[in-house]
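The values are calculated or read from the model by the stated rules, or taken from the named source; none is laboratory data. Computed from a prediction, not measured in an experiment: that's the story for all the values here. As a convention, Cβ positions derive from the backbone with ideal geometry for all residues, glycine included, and neighbour counts pool all protein chains shown. Ligands, DNA and RNA are excluded from the accessible area calculation, which covers all protein heavy atoms including side chains. Shrake-Rupley method; radii C 1.70, N 1.55, O 1.52, S 1.80 Å.
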Amino acid sequence: MTIISKSIQHLVKEVLFVKQEVVKMPDEFKLIGQGRSAAVFKWEGSPSCAVKIFYPDYHHLAIQEGDIYKRLSNHHYFPELVEVGDGFLVLELLDGITIYDCLVTGVPITPEMVKEVDNALDYAKERGLNPSDIHLKNIILTKEGKIKVIDVVRFNQDKECPHWSDLKKAYYTYYQKKYFPKKMTPLLVEVIIRLYRKRLLPI
């Protein structure tokens, strides 16, 4: 992938946040996702790229996450890193849906998909990282049926994160049961997530 650095830097400066709300962006950008530390845009000038712009209070995380992606060496389980800039990253644009979307639309989540996530996280550990903050919205199932893990900014924290271990337990304890619904409303998924966060869901 090739990009014109001056062009992307100029476009990023045109994005304006008020706290975590995008209130202004250039015509070349289309907002496709937001998290607790950044917003992600599709870049019309380079259709194969996504631009992840960190909120002002989290600008420093761009370099941190960029370094983590470099340590992952553009492995196929993770999006390709194209460029690291001042408060932003340019990454491979993934064409697919999240595991969260799978639950909402009824796309089956298979044991093979779970194993692929395990493989991705094992690879990260081999690179000296500590996979953390793995949740339903940062695991992507591509149109080709491949698993990709995104949002790796917290892969260098020291403390052990139980999220993926808990998700796997929930998958085998509940999801694989015949009576468990394979398609849910977003409201039901959010209720389950909140119950988990409050430790009210037995896993």
Name the most mobile residue of PHE155, PHE88, PHE180, meaning the one with the largest mean-square fluctuation, in a Gaussian network model of the chain with Cα contacts below 10 Å.
PHE180
If the cut-off is a Cα-Cα distance under 20 Å, which aspartates and glutamates reach LYS146, setting aside same-chain residues fewer than 8 apart in sequence?
GLU80, GLU92, ASP95, ASP101, GLU112, GLU116, ASP118, ASP122
222 nm [θ] for the chain, helices only, -39500 (n - 2.57) per DSSP H run of 4+, per residue, to 500?
-9500 deg cm²/dmol
Compute the distance in nm between two label points, each set 7 Å from the Cα along the Cα-to-Cβ direction, one at ASP67 and one at THR185.
4.6 nm
Cα pair count fraction exceeding 17 Å, expressed as % - the range 82-203:
61 percent
Roughly to the nearest percent, how much of the accessible area of the range 1-105 is carbon and sulfur, given a 1.4 Å probe?
51 percent
GLU144-ASP27 pseudo-label distance in nm [points 7 Å out on the Cα-to-Cβ vector]:
3.4 nm
